[in-house]
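To keep things clear, I will list the structure first and then write my remarks on it.
The values are calculated or read from the model by the stated rules, or taken from the named source; none is laboratory data. These numbers come from a predicted model, not from an experiment. When we count neighbours, we look across all protein chains shown, and the Cβ atoms used for this are built from the backbone with ideal geometry, even at glycine.
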Amino acid sequence: MKDNSHTISRIAAPIRGMAQRFSFMALILLAVALMMLGKVDIGLMESVRANVTDAATPILDVISKPIVSVNKMISEAKGFYSVREENLILKQEKDRLLQWQAAARKLEIENKNLRGLLNFPVEPAAGFITARAIADTGGAFANSVVINAGNKSGIRKGQATITGEGLVGRVTDVGARSSRVLLITDLNSRIPVVLQSSQARAILAGDNTHRPKLIHLSPGASISQGDRIVTSGHGGAFPPGLPVGLVASVNEKGINIEPFVQRSRVTYLRILDYGLTGIVETPPIRELPASTGNKKTRN
Amino acid sequence: MKTSIWYRLDILTRLLTPFLLTLALVVLNLVPLEIPSFSRVVPLLPLIAIYHWAVYRSELLPAYAVFMIGLLQDIFSGAPIGVYTLVFLLVYGMVIWQHRFLFGKSFAIIWLGFAIVAGGAFALVWALISLWSFSLLEIRAAFFQYLLTVATFPSLAWVFMRWQQFIIRQL
């Protein structure tokens, strides 16, 4: 009996080893095949990604919550020490902004009158959805965040995402309850922009560094450090004029942009519904208040 | 001796913990921290777990489990699907192949082994994604991520060691 089992294990062990080696090779090949498939059929991988992320959304949602409260506590504690100084700065800023407000009101009326004279069509007002970033990509190789709103909340692929400071990125994969926002710093991000002063067109191309590059600048356009870059609204669902960043450096290696939005400060995001995605699918009919847009907040 | 179903269930759960812990690290890696530039260099925690379990209890983390962990890492992190899957599998295979050399050695050797394997892993991820997107990726952030991962190894390995002693034991 003992001898018998010994013989069996002597025969079985190499077979088991071979089977293990074989299944290991099969898994390696499968991984390579998945990579190739992802290159050929982008849509399939996007939907797989969206669905799996969707399934994990409740977990990500819960885990990311304490971080938000801790960050809030830290910033509140910090704020406590600088209340006086901040108050002074805010007062000065308020005075300055009031002047700007007066100027803006005047210009708005003037603009409206001139549009009336020219019979210029009114641009659609952008509605927006507010969502929270529940997952970061965690690494040097991809720059995107997962947010806790999906097509149930009206998120569509291609929509622009902003914070109060400026453009964050655009929506790529959309699930039912979650979606992925590709940041403007990602390697795959291409955003049509203009120089605000000269209205020269260019493309903002991410390269995985924190300072994306400006490429395809219209020939003959002059550019210098500190120029403001805004979205142009060409060819997509992006409203024109969203603040993007400032020109950080101009040299023979290229033009680099310092975005207004820092990746670490992306917690709550607004996803703009500009109504232009309706080219592919009919948008849901709803009333849009002229100035504020429709607001939906998810926590 | 008759073992009750609860006893067997208990053992099964304990044996599943290496896989579940590694999975938890994949998710933990995604938590958005509001520390400037940290999310670009955050240590790749699942890599540490896969290396550790491959060295000490590879039978508790079989190749298909590593495949699943890599696949989820790809899906959640936004990397091209298949990249981390392949790299995690290769790291796992590498450790199994060199098992005789690593097993039972001092912690310093294990750590050194991790530094070498992780260096290869990061280089491979960099190369694969560069190839996938037909452009050379920036290498600096990846290098810092690698350094941080190697620096995190001892503390996480310590937790795993304790876990092995008290939760899994000699099952």
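Data table
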{"item": "Considering residues of segment A:118-146 that are outside any strand (DSSP E or B) and within 14 Å of chain B (Cβ to nearest Cβ) only, the residue modelled with the lowest pLDDT", "result": "A:Gly138"}
{"item": "Of all residues making up segment A:203-236, the number that are assigned to a strand (DSSP E or B), more than 14 Å from chain B (Cβ to nearest Cβ) and under 21 Å from B:Ser133 (Cβ atoms)", "result": "3"}
{"item": "Segment B:15-42 - residue that is surrounded by fewer than 18 Cβ atoms within 10 Å (Cβ to Cβ) and at pLDDT below 80 and, of those, nearest to A:Val70 (Cα to Cα)", "result": "B:Leu33"}
{"item": "Any hit, segment A:13-35, residues being basic (Lys, Arg) and under 25 Å from B:Ile129 (Cβ atoms)", "result": "no"}
{"item": "Selection status of B:Phe153, more than 15 Å from the chain's Cα centre (by Cα), away from chain A (no Cβ under 14 Å) and within 28 Å of B:Ile11 (Cα to Cα)", "result": "no"}
{"item": "Test: residue in segment B:48-56 that is surrounded by fewer than 23 Cβ atoms within 10 Å (Cβ to Cβ), touching a residue at least 12 places away in the same chain (Cβ under 8 Å) and within 9 Å of another protein chain (Cβ to nearest Cβ)", "result": "no"}
{"item": "Per-region count, segment B:108-142, residues assigned to a helix (DSSP H, G or I) and without any contact (Cβ under 8 Å) to a residue 12 or more places away in the chain", "result": "9"}
{"item": "Looking only at segment A:240-263, and only at residues there that are surrounded by fewer than 19 Cβ atoms within 10 Å (Cβ to Cβ) and outside any strand (DSSP E or B), the one that is nearest to the other protein chains (Cβ to nearest Cβ)", "result": "A:Gln262"}
{"item": "Residues of segment B:58-89 satisfying the condition of being over 17 Å from A:Arg49 (Cα atoms) and more than 7 Å from chain A (Cβ to nearest Cβ)", "result": "B:Ser58, B:Glu59, B:Leu60, B:Leu61, B:Pro62, B:Ala65, B:Val66, B:Val87, B:Phe88"}
{"item": "Looking only at segment A:180-202, and only at residues there that are of a type in the set (D, E, K, R) and within 11 Å of chain B (Cβ to nearest Cβ), the one that is surrounded by the most Cβ atoms within 10 Å (Cβ to Cβ)", "result": "A:Arg180"}
{"item": "Yes/no for A:Arg21 being closer than 30 Å to A:Gly158 by Cα, of a type in the set (D, E, K, R) and at pLDDT 80 or above", "result": "no"}
